[in-house]
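Trainee: Below is one structure. I have some questions about it.
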Amino acid sequence: MLQLNPKHPILPEDEKKIKSLKARANLSRTLAEKAADRLILTFGTSRSFLLHVIGFITWMTINSGLIPNLPVFDHYPFNFMTTIVSLEAIALAIFVLISQNRQTDIADLREEIDLQINVQSEAEITKILKMVGDIQEHLGIKKDVDKELRSMERKLNPERIKQELEREIEAD
């Protein structure tokens, strides 16, 4: 799995690695994850829904005795069909959860990458603002007293922002 280190910037050659997070995660899927993804792609379609509806209607029609000369094998209230559908629902729910957990892991990694890039970008922008200010001063260009700019030149404290957000969330 991709390891992040905020002290080492992500270089342009690393862009391909970032873009292919999902592809790389797909390559490392377990057999259960591959099966789950395949089943979700198969059963999560309109076609599958339509086939299920047709199957249920056919089952109920046959087992209601509406078609002469066809033996009824699951009398009303269709306990055998209910058992099959329940087992299918349990299996599909598990496969959906497996697939969602994998997608969540990928999303968490992307979120962490975004956070690291944002923190690094903020530090770089702050440094650039300070450098521009130093150049301005060196060239003897009068600096306007801009409180917002002075605020931007200060280093960001992610821990302080986290604490402020936690206080706001708790206040709600």
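No lab work stands behind these numbers, since they all come straight from the coordinates. The structure displayed is predicted, hence computed values, not measured ones. Please note: Cβ atoms are built from the backbone with ideal geometry, for glycine as well, and neighbour counts cover all protein chains shown.
Trainee: Angle check, please: helix 46-63 long axis (alpha carbons) against the longest principal axis of the chain (alpha carbons), in degrees 0 to 90, nearest 10.
Mentor: Tilt relative to the chain: about 20 degrees.
Trainee: While we're here: Number of Lys-Lys pairs in the chain under 25 Å by Cα, sequence gap 8 or more or different chains?
Mentor: For the chain, qualifying lysine pairs total 26.
Trainee: Next up: For the stretch 114-172 and the stretch 67-90, write down the distance between their C-alpha centroids in whole Å.
Mentor: 67
Trainee: Of 48, 152, 115, which is farthest towards the positive pole of the chain's charge dipole, taken about the Cα centre with +1 and -1 on the beta-carbons of Lys, Arg and Asp, Glu respectively?
Mentor: Farthest towards the positive pole: 48.
Trainee: May I pose another question? Gain in length, residue 141 to residue 167, computed as 0.36 nm per residue apart minus the alpha-carbon separation, to one decimal in nm?
Mentor: Fully extending the segment from residue 141 to residue 167 adds 5.2 nm.
Trainee: Could you give the length gained on full extension between residue 35 and residue 114, defined as 0.36 nm per residue of separation minus the Cα-Cα distance, in nm?
Mentor: Values: separation 79, 0.36 × 79 = 28.44 nm, distance 3.00 nm.
Fully extending the segment from residue 35 to residue 114 adds 25.4 nm.
Trainee: Okay, next question. Under 20 Å from the 7 Å Cα→Cβ point of residue 26, by amide nitrogen: which residues of the stretch 70-113?
Mentor: 95-111
Trainee: Oh, and also: For the stretch 22-171, which semi-axes, largest first and in whole Å, follow from the square roots of 5 times the eigenvalues of its Cα gyration tensor?
Mentor: Equivalent ellipsoid semi-axes, largest first: 65, 17, 14 Å.
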